[in-house]
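Below: the structure, in structure tokens.
The values are calculated or read from the model by the stated rules, or taken from the named source; none is laboratory data. Note that the structure is a prediction, hence the values are computed from the model and not measured. Every residue, glycine among them, receives a Cβ derived from its backbone with ideal geometry; neighbour counts consider all protein chains shown. Please note that ligands, DNA and RNA were not included when accessible areas were found on the heavy atoms of the full protein model with its side chains. Shrake-Rupley method; radii C 1.70, N 1.55, O 1.52, S 1.80 Å.
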Amino acid sequence: MQEGDWDMEQDLRAAMKKFEAAGELLQVRKEVDPDYELSAVLWRAKRGPAVLFEKVKGSKMRVIGNVNNTRGKFAISLDLPRSEILPRLVHGMEKPVKVEVVSNAPCQQVVIERDIDLAKLLPAPRVSEKDAGPYLTAGILIAKHPETGLRNCSIHRMQVHGPDTLGVNMAPTHLSKMYQRAGELNEPLQVAVCIGNHPAVMLASNMYGRLGSDELEMAGALFGKPLQVAKCRTINMEAPAGCEIVLEGEMRPGELKEEGPFGELMGSYAFRGKRQVFHCKAVTMREDAIYHHVVGSNHPEHLLIMAMPREANIYKSAKVTFPRLEDINMTEGGCGLFHAVVSIRKTGEGEGKKAILTLLTLNDLLKQVTVVDSDIDVHDPVMVEWAIATRVRAEKDVVLFPDLKTNKLDRLANKDGTITKWGIDATRPLDLPAEVYEYATVPAEIMKKVERDWEQYLS
Ligand code: MN
């Protein structure tokens, strides 16, 4: 294959170029310590630009973070207007595109098959104070079902255990089902851990399908063309051709090792426990590989990688029974897990509550839903609170649903695995005239003009 045959639009560097052009890439030349300091910088700039660390203590590799910390960056990476993000993600789940295998992929420019020492090779940072150690947090684990051969992708925290071993927190996922089946057949499960990916590939890896629906094909749908992949060298697996680093290896039946604690999505520590182990057999990477680090805990990058695919999934399902659903935000304060704000086009009384009920039935962890009219931007917390302040009569509009099923990620859960869920119907009551709720502001066309000509006001 000639150089340039692979699609340079599908890799992390393509996204970085777009960030740079949009003023969304900060290059840090000061040396930073991967132990806490690097994560602290990413916390300090948590809603800011992507941060490329040029000099990381003890490593030759550059490190990037805050790649997926805002919805805007995802839009930039795919040349989308903000309003098109949700429809594109829904499209990604609905219209998968088969992958295309290429040779001479950038992710295989360097091959290491002997004397692997991951702790030395990768500048894996430490994040939260009580984490068990350095963690790989942005690795997409790609595996195939031992019987069907169908691929699965998912992201899991991986603790650096030894020179060529990593702990894996699988949770009950498609990956854990495949590992379990491999174990029943007394086989190791081959896994490729892919680090340094385009935002679309990252989000696709967390998309919701059935066991056997291929997240790499969903990434293709996000790009609107096949995702290019490389054949791994030591395992029967494919990795995104443009990714920065690939760890090829396996997880063996029955092998468990103490993993954790680690600061997780809920902003508190996941406890220590016996979990699976990944054995690395080969590392392939780019010559000047960039290591992607996602800060754990409830850092916005961590939350959004999980929340955006979840929003698309819930939206897609809710839309079937509630077609007047307009938009959804799994909020940052709600850890991207527990709280949703949705907007609807209300035509009759009771529809706000119907929307609450619909959403609560779709996802076990979701426990609070706020419904607003479509004139409210669900991503603007001030306007959402304004709707609550001016459109809610609490005795009518706050509804409780005691003892619904949740899961153990919610530590407030009752012993029987339930929790009281609730909703706020902050849509306009229809018993007052529409004028009562009319938003007082400048004419829309004037606001548009000012926005369009904004630069002129700055000079
Ligand atoms: Mn899956």
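Can you tell me which condition Gly133 does not meet? The list is (1) assigned to a loop (DSSP other than H, G, I, E, B); (2) more than 22 Å from Phe53 (Cα to Cα); (3) of a type outside the set (Asp, Glu), and all the others hold. Condition not satisfied by Gly133: (2).
Considering only residues that are surrounded by fewer than 19 Cβ atoms within 10 Å (Cβ to Cβ) and small (Gly, Ala, Ser), look in the range 164-208 and name the one that is nearest to the ligand (Cβ to nearest atom). Per the stated criteria, the residue is Ser176.
Just to be sure before I move on: is Ser77 away from the ligand (no atom under 16 Å from the Cβ), within 24 Å of Met16 (Cβ to Cβ) and among the hydroxyl-bearing types (Ser, Thr, Tyr) in the structure I sent? Taking the combined requirement at face value, the residue satisfies it. Only one entry in Arg71, Arg47, Arg82, Arg13 is outside the structural domain of Pro240 (by TED's automatic domain parsing), over 25 Å from Val378 (Cβ atoms) and basic (Lys, Arg), namely Arg13.
Here is a yes/no grid of residues against (1) open to solvent by 10 Å² or more (accessible area, probe 1.4 Å); (2) out of contact with any helix residue (DSSP H, G or I) (no Cβ under 7 Å at 6 or more places or on another chain); (3) within 16 Å of the ligand (Cβ to nearest atom); (4) under 21 Å from Glu9 (Cβ atoms):
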position	(1), (2), (3), (4)
Met237	no, yes, yes, no
Cys243	no, no, no, yes
Leu247	no, yes, no, no
Gln276	yes, no, no, no
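Got a number for residues in the range 209-235 being crowded, with 24+ Cβ neighbours inside 10 Å and within 14 Å of the ligand (Cβ to nearest atom)? Qualifying residue count for the region: 4. Considering only residues that are without any contact (Cβ under 8 Å) to a residue 24 or more places away in the chain and under 25 Å from Ile64 (Cα atoms), which ones fall in the range 76-119? Listed by number, the residues that qualify are Leu80, Pro81, Arg82. Residues that are within 16 Å of the ligand (Cβ to nearest atom) and under 22 Å from the mean Cα position of the chain (by Cα) were ranked within the range 130-149; the one that is farthest from Gly267 (Cα to Cα) is Lys144. Within the range 431-459, which residues are open to solvent by less than 90 Å² (accessible area, probe 1.4 Å) and in contact (Cβ under 8 Å) with a residue 24 or more places away in the chain? Of everything in the range 431-459, just one residue is open to solvent by less than 90 Å² (accessible area, probe 1.4 Å) and in contact (Cβ under 8 Å) with a residue 24 or more places away in the chain, namely Tyr437. Scanning the range 305-354 for residues that are open to solvent by less than 30 Å² (accessible area, probe 1.4 Å), free of Cβ contacts under 8 Å to residues at least 40 places away in the same chain and assigned to a helix (DSSP H, G or I) yields one hit, Ala307. Of the residues that make up the range 135-157, is at least one touching a Pro at 6+ places or on another chain (Cβ under 7 Å) and at pLDDT 95 or above? The answer is no, given that none of the residues of the range 135-157 is touching a Pro at 6+ places or on another chain (Cβ under 7 Å) and at pLDDT 95 or above.
Please verify whether the range 392-406 includes one or more residues that are modelled with pLDDT under 95, of a type outside the set (Lys, Arg) and assigned to a loop (DSSP other than H, G, I, E, B). Yes - at least one qualifying residue is present in the range 392-406. Within the range 151-163, the set of residues being open to solvent by less than 10 Å² (accessible area, probe 1.4 Å) and farther than 16 Å from Lys257 by Cα comprises Asn152, Cys153.
Within the range 48-72, being under 14 Å from the mean Cα position of the chain (by Cα) and of a type in the set (Lys, Arg) holds for one residue alone: Arg71. Scoring Arg428 on the criteria (1) open to solvent by less than 60 Å² (accessible area, probe 1.4 Å); (2) closer than 19 Å to Glu326 by Cα leaves a single failure, condition (1). Please state which one of Ser154, Ser176 is under 23 Å from Thr284 (Cα atoms) and of a type in the set (S, T, N, Q). Going through Ser154, Ser176 in turn, the sole match is Ser154. Scanning for something of a type in the set (Val, Ile, Thr) and within 18 Å of Leu78 (Cα to Cα), does the range 201-217 turn up at least one residue? Checking the range 201-217: at least one residue is of a type in the set (Val, Ile, Thr) and within 18 Å of Leu78 (Cα to Cα).
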